Amino acid sequence: MSSVEWEEDDPFEEQRDKVENPMKRLFLAYGRDYLPQVSVGISASVFARLLDLLPPLMLGIAIDAVFYEDALFSEQIPLVVLPDAWLPTGQTEQFWFTIAVIGAAFGVGAGFHWIRNWGFNAFAQNIQHDVRTDTYDKMQRLNMEFFSDKQTGEMMSILSNDVNRLERFLNDGMNSLFRLSVMVLGIGFLLVWINWQLALVALLPVPIIGGFTYLFIRIIQPKYAEVRSSVGKMNSRLENNLGGIQVIKSSNTEPYESDRVDDVSMDYFDANWDAITTRIKFFPALRVLAGIGFVLTFVIGGLWVFQETPPGPFTGDLSVGMFVVFILYTQRFIWPMAQFGQIINMYQRARASSARIFGLMDEPSRLAEDPNAEELAVGDGDVVYDDVSFGYDEETIVSDVDFAVEGGETLALVGPTGAGKSTVLKLLLRMYDVDEGSIEIDGQDVRDVTLKSLRRSIGYVGQSSYLFYGTVRENITYGTFDATDEEVREAARAAEAHEFIENLPDGYDTMVGERGVKLSGGQRQRVTIARAVLKDPDLLILDEATSDVDTETEMLIQRSLDRLTTDRTTFAIAHRLSTIKDADTILVLEGGEIVERGTHAELLDNGGLYAHLWGVQAGEIDELPQEFIDRAQERTARLIEDAETDDD
């Protein structure tokens, strides 16, 4: 798959492409707070590496002074700021002095290495924590339109893989960068000091390595962007399949799903292998270039020692000890140059990840909360929709919705699938903001009050009855964390849940499992109702709260809902019309518009869409008009077409 195709498939391409200088932004936004830690790490790295350079130098000096007796220490260590009187002159004394200096260098250097690792790890771990929490906080505050276009696995890839990749660069990459920089600069200086002519030979491959590295960066950067995109797609497929494992097993579609996982895994394999093949060509070539410099240095330096002065433009003398130092330093100099490619490799991966992270953080939300917004004050609980229209992606979802609900009344919304029922109530919760018109609660526009106070005043019981991993008690108290045990039990009793909870192995402390899998559908639903009871909201939204349970469980849930809706403004969405026939007002929606309104009896007398829907559920299919059947077929075909478009 080409780079262009990958970018077109990347669900975060639009966000990523808007980010400029993501790594610079990372350091400015998050690095400043932890400057002391990284400063300690950098300083310790400098001292540690300088001490690492001391043993080879002392070895070369010892070879000339102790073993060949060519010169005294005082004549060979002009850079060491020590009085000549402190330097030994005897052969034995110089031998032990060399050992002492080398031992001290290793000992003190080890301490600096520990400090260096502490500094860089503290720097990287703190930034990793801040970036992950900030990214999650931003993500959960985005409006629902964003989540409709993204899959869970893709977002998990950013929160996990991309953030972890940043940590690896900030720790390992930056640690290596400063370590190698000190080595290269320090060794380069010492090589020039020892013999500048031979140093030019050793440094000859450096500009070639630099150009080669630049070319590698240009080639590898888009490849890593492809890898990050493919990881997100693979995670999404795996997350979807694991979440729907029961459907897969019951449908006997394991081979089909295995093929789909194989496809996304192969896409990741292709993208990653493309990057790997580029990388594994680069590093050996870099080592060859580095090795050329080492071989040339060894040949010319060796001839210099044997012949006193090698042929060519070289002048002066080179002792055996300094030749040994030169060889040791050249080897230490060349390999760090090759390792810079690995650092650049880590940097490009981190850059691709940071672009995705900041692209997500920069995602605009359609919800703009007024900083001067006041708290919602609910009195009677009157709700008014005034000519509300809303849509996204240039598609109108609801149009000219207009109704009023008095406090304590129940309003039901019914209609075919895709009629806009859920969207109407999501606007009340400000999951989205209206495009036209207004929604008011007791005369207060929902856009003029704080989101926190608005959503605190509204209870929601949905069809999915989502439970978090944890205990029954933790799920009931979710959102009302300071509730007492007695309040929890009273809420459970009101929700017809107390008896079955008491019969669980650990009662209210029973773990419900992932998504509440250890409880039945009806039990999960009653726990969510208990959560709403405990919240004691001023307004209540019931979104098909009994659609997925059996008749007996529906009776129990309906009893608890009747208690919950008493003297509370309630909105109910239902496909099972028997559950809302006693509502004060029923709105019938089709195509995002209100086509009928009235009580159950009035709507049946009208003989319109509501009456036909009631007839379907009553089994009176033969009596339905052909026009209703034709429109139902058109709606179904449109929904299938929209679903196929989303899959594409």
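What follows is calculated from the coordinates using simple rules that are stated; it is not laboratory data. Computed from a prediction, not measured in an experiment: that's the story for all the values here. When we count neighbours, we look across all protein chains shown, and the Cβ atoms used for this are built from the backbone with ideal geometry, even at glycine.
List of remarks:
- When each of Lys233/Lys426; Lys138/Lys421; Lys426/Lys518; Lys138/Lys281; Lys421/Lys452; Lys138/Lys233 is checked by Cα-Cα distance, pairs over 32 Å: Lys138/Lys281
- Two-decimal Rg/Rh across the stretch 88-167, once Rg and the Kirkwood Rh are taken from alpha-carbon atoms: 1.50
- Whole-Å distance, taken between Cα centres, linking the stretch 109-137 and the stretch 345-387: 29
- Shape analysis of the stretch 207-339 yields a ratio of the Cα radius of gyration to the Kirkwood radius, Rg/Rh, of 1.37.
- Quotient of C-alpha Rg and 2.2 N^0.38 Å, computed over the stretch 347-475: 1.31
- Each peptide in 292-303, 568-579 gets a packing score, the mean of other Cβ atoms within 10 Å over its residues, and the list from highest to lowest is 568-579, 292-303.
- Using the Cβ-Cβ distance between Glu20 and Phe403 with R0 = 60 Å, the FRET efficiency computed as 1/(1 + (r/R0)^6) comes to roughly 0.80.
- Over all pairs of different C-alpha atoms in the stretch 464-536, the reciprocal of the mean inverse distance, the Kirkwood hydrodynamic radius, equals 11.6 Å.
- Mean silhouette area of the stretch 323-418, derived from the convex hull of its C-alpha atoms and averaged over all directions, reads 14.3 nm².
- When only the Cβ of Lys, Arg, Asp and Glu is charged (+1, +1, -1, -1), the dipole of the stretch 464-536 relative to its Cα centre reaches about 380 debye.
- q = 0.15, 0.18, 0.26 Å⁻¹, the stretch 405-496: log10 I(q)/I(0) [Debye, one scatterer per Cα]: -0.82, -1.07, -1.37
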